[in-house]
1. Would you mind computing, in nm to one decimal, how far apart the modelled labels at ALA290 and ILE83 are, each placed 7 Å from Cα along Cα→Cβ?
2. Assign unit charges at the C-beta atoms only (+1 for Lys and Arg, -1 for Asp and Glu), then state the dipole size of the range 118-260 relative to its Cα centre in Debye, rounded to the nearest 20.
3. Determine the relative contact order of the range 188-300: mean sequence separation of Cα pairs under 8 Å and six or more apart, normalised by residue count, in whole percent.
4. Give me the Debye-computed log₁₀ of I(q)/I(0) at q = 0.12 Å⁻¹ for the range 167-301, equal point scatterers on Cα only, no solvent, two decimals.
5. Send over a whole-number figure in Å² for the accessible area per residue of the range 107-198, probe 1.4 Å.
6. So for the pair TYR279, GLU310, with labels modelled 7 Å out along Cα→Cβ, what separation do we get in nm?
7. Could you give me the ³J(HN,Hα) list for the range 229-244, computed from phi with Karplus coefficients 6.51, -1.76, 1.60 and θ = phi - 60°, whole Hz, x at Gly and Pro?
8. For VAL54 and VAL131, what does the FRET efficiency come to when R0 = 45 Å and r is the distance between their Cβ atoms, rounded to the nearest 0.05?
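The values are calculated or read from the model by the stated rules, or taken from the named source; none is laboratory data. Predicted model, so just to flag it, every value in this text is computed and none were measured. A quick note on method: Cβ atoms are made from the backbone with ideal geometry, for glycine too, and the neighbour counts reach across all protein chains shown. To get the accessible areas, we keep the full protein, side chains included, count just its heavy atoms, and leave off ligands, DNA and RNA. Shrake-Rupley method; radii C 1.70, N 1.55, O 1.52, S 1.80 Å.
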Amino acid sequence: MKRFVAIFAMIMVLCVFCSMAVMADDTGSTMEVVPDGSTTGETHTVDTSYVLQVVQAPTCTETGIYRYTCLEEDCEDGFHDVIVEATGHTWSNRRDWGATIIAPTCTTEGLAYYDVVCTECGAVRESETRVLATIAHDYSVYVVDQEPNCKETGLAHYECSVCGAIDEDSYVELATNDEHSFSEWNIEEEATCISTGLKTRVCTRCSYTEYEIIPMTDHTYEVAGMHLDDCETITVTWVCSYCGDTYEETITGNFHNYVLVSDTATCTEKGIATYECTYCGDTYEVESEALGHAWGDWILSETYTQDGVEYGLYIHECTRDCCDNVFQQVVMPLSEGEPENDEGDAGETETVANVYAVSSAGIEVGESAVSGTGTLLVVSGDEEVGTMYVRVAIVYVNEDGEQLLVVNNAEVKSDMTFNVPSVKAPYGYSVSSVCLVAVTDDAAALSGSWAEVAVTEPNVL
């Protein structure tokens, strides 16, 4: 019985100190045990030899089993198991706050939570929340309430970048500056080609006046006169309409005005054409093509009847002086009317080069300018018409009888018309005459000598 009491006392002590997990054997020790069912806290010390073995260690939520094995020979029981109560959770006192649910601002509180964790088993107690205090305003926005100017100071303050709250202690006064508010420029004195001008503007706040010099202008030159020195140079005199300053300009080029004065060609034979400049009298000669016959109207010479059909003999003559008694004749029924084509004596159509003429019916010649539309006519011939130009030469004259020649080229359009480039007469000059001559291509249009490239006789208006 004495041995049983000792064993029971040892079990009670182990129940009180169940948190001690003795994993190694301990023999020959003195133990303080609490009797089973004791509520007084009394303990009894016994000397005994024992072996303690942990069969199942207690946890935070589950009981454990300790086994005591007696080493003495006269023990009534070889071992005795003691049920050890669960240790219970050991909650951490730390406050490791978790995620922020609502972030605090400078105007509203926030909300965060944390978990209470068992330090032994890691169990989580129900989460708790706490309120996060508002944070300070971020007074980083600089606001100018009133800009300073040349006369008045300005005012500025700082605002919270989050909620726009105004930092009442941050109002500052801005010093005046030199940024005037000027009116529009007023011209006090106009600039000319011989003197500078002056303009001013006034600040509408402080009446400060700013002055600025206007640079002199360029001369306004107009043509005061032109002189044809020779057929290679023209002297142009320019004068400033404001101050009278003058200068002269020499224009070089080919200003000959060649006109056809004679041609030895006949209707059937080539000849020599002579051209003479109306300004300087210079002449040159070129070989000219045969003119071709200039047939007159068909004339019914006589009639006769054959096999019941009345025929007529039609005759027309060449009207040129170089041809004496040169004619063509055709016999055809009177019912068919007059012949439509010029037919040779053998009944073959003659093929000749194109012969052109310039019609100026649509061109108007005024006192100071020439304008309008002309027409290039194909008088005879059946060759294909290529690129054509009409060279327009305008002669201007002044009160002293001095002449000035201006030459332009007008391209002939597909409908054989051309526009006369309008050139206004220079100052002090008026239109004297206009000469139109057709040329055949670009090279001819740029060529200096008219007679070498002309394909029509001059048409002088």
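1. Result for the modelled spin labels: 15.4 nm.
2. I would put it at about 340 debye.
3. Over the range 188-300, the number comes to 15 percent.
4. Rounded to two decimals, the profile gives -0.82.
5. Dividing the accessible area of the range 107-198 by its residue count gives 66 Å².
6. Modelled inter-label distance: 6.4 nm.
7. My calculation for the range 229-244 gives 5, 7, 7, 10, 9, 10, 9, 10, 9, 10, 9, 6, 5, 9, 10, x Hz in order.
8. With a Förster radius of 45 Å, E is 0.45.
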